[in-house]
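See structure below.
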Amino acid sequence: MVKKHAKSNEIQMLVDGDLVFEDSEDIQEHILSLYKTLYDSSDTNNVSTKFREDMIVANILRVVSEDENFMLVRCPFNDEIKKVVFTLNYDSAPGPDGFRGSFFHGCWDIVGSYVCNVVKQFFSHNWILPRMNANVVSLIPKIHGATSIEDFKPIVVENFKFKIISKILTDRLASIAACNIPYFSYNRNYITQKFDNMSKYKYAYIHHSISK
């Protein structure tokens, strides 16, 4: 029964234009190729990182004060980390490491100090453990009998420890975002006009970087 259920959840066929993929390995390779191309962060089309950074720095107003910047990047206290852990959903789906929120909630007295050290390491050294930010991507069909990759919705599940870092940063950004949104909106419109004649790939690269 379990094998039958797992088989029914597999993608049996994918169609991409005139190409039809029915072999499981071909399907996997096709999906991986599409998502690698979509999310590849390498500098393509000769757009250098320095060019991107120079254009952003030159055309975005500095609206975050020194105090606000210190607040954004300072190393969190243990109590702050613990509060975030117990704010996150304890019953969320586990990431690649297999641990869901309920594990960290129930075993905090045992693993709490380790988790705090991992989070603090990121803020202190701008470095995280290898594969800590790895994700599991599941493709959920939008329609019955989906055969095109566009007919599937990607659901991303990340490791719980990485969620802690994301939540801390999100909460901090939220505290200053409201007063700075008009500036962010102005600068995006300004850049859109300024680089109207820029080649499409360079503009898209810069705009994507600003949007992160």
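Derivation of every value follows stated rules applied to the coordinates shown; laboratory data play no part. Just so it is clear, the structure is predicted and the values come from calculations on it, not from any experiment. With ideal geometry, Cβ positions are generated from the backbone for all residues, glycine too; neighbour counts draw on all protein chains shown.
Amide H neighbours of residue 16 under 5 Å, at least 5 residues apart or on other chains, H built in the peptide plane: list them.
Here 21 satisfy the definition.
Just order 163-171, 92-100, 124-132 by mean Cβ neighbour count inside 10 Å, highest at the front, would you? Don't skip to the end; give the middle numbers.
Details: 163-171: 17.0, 92-100: 15.1, 124-132: 11.4.
The densest-packed peptide leads the list: 163-171, 92-100, 124-132.
Determine the gain in length on full extension of the stretch residue 83-residue 155; use 0.36 nm per residue of separation and subtract their C-alpha separation, reporting nm with one decimal. Walk me through the numbers before you get to the answer.
On the way: separation 72, 0.36 × 72 = 25.92 nm, distance 2.62 nm.
Residue separation times 0.36 nm, minus the Cα-Cα distance, leaves 23.3 nm.
Let me make sure I get this right: for the range 98-153, a, b and c are the square roots of the gyration tensor eigenvalues over alpha carbons, sorted descending. Under 1.5 in a/c it's rounded, otherwise prolate if a/b > b/c, else oblate. Which is it? Mind dumping the intermediate values first?
Numbers: a/c = 5.34, a/b = 2.13, b/c = 2.50.
Oblate shape, in that a/c is at least 1.5 and b/c is the bigger or equal ratio.
Can you figure out the FRET efficiency of residue 23 with residue 136, using R₀ = 22 Å and their beta-carbon distance, to the nearest 0.05?
Values: r = 23 Å, r/R0 = 1.04.
The pair residue 23/residue 136 has a calculated efficiency of 0.45.
Compute the signed sum of charges (Lys and Arg +1, Asp and Glu -1) over the other residues within less than 10 Å, Cβ to Cβ, of residue 142. Can you show the working numbers first?
Numbers: positive: 153; negative: 150, 151.
Summing Lys and Arg as +1 and Asp and Glu as -1 gives -1.
Which whole-Hz couplings ³J(HN,Hα) result when phi for each residue of the range 72-85 is put into the Karplus expression 6.51 cos²θ - 1.76 cosθ + 1.60, θ = phi - 60°, listed in order with x for Gly and Pro?
5, 10, 5, 5, x, 7, 4, 5, 5, 5, 4, 4, 5, 4
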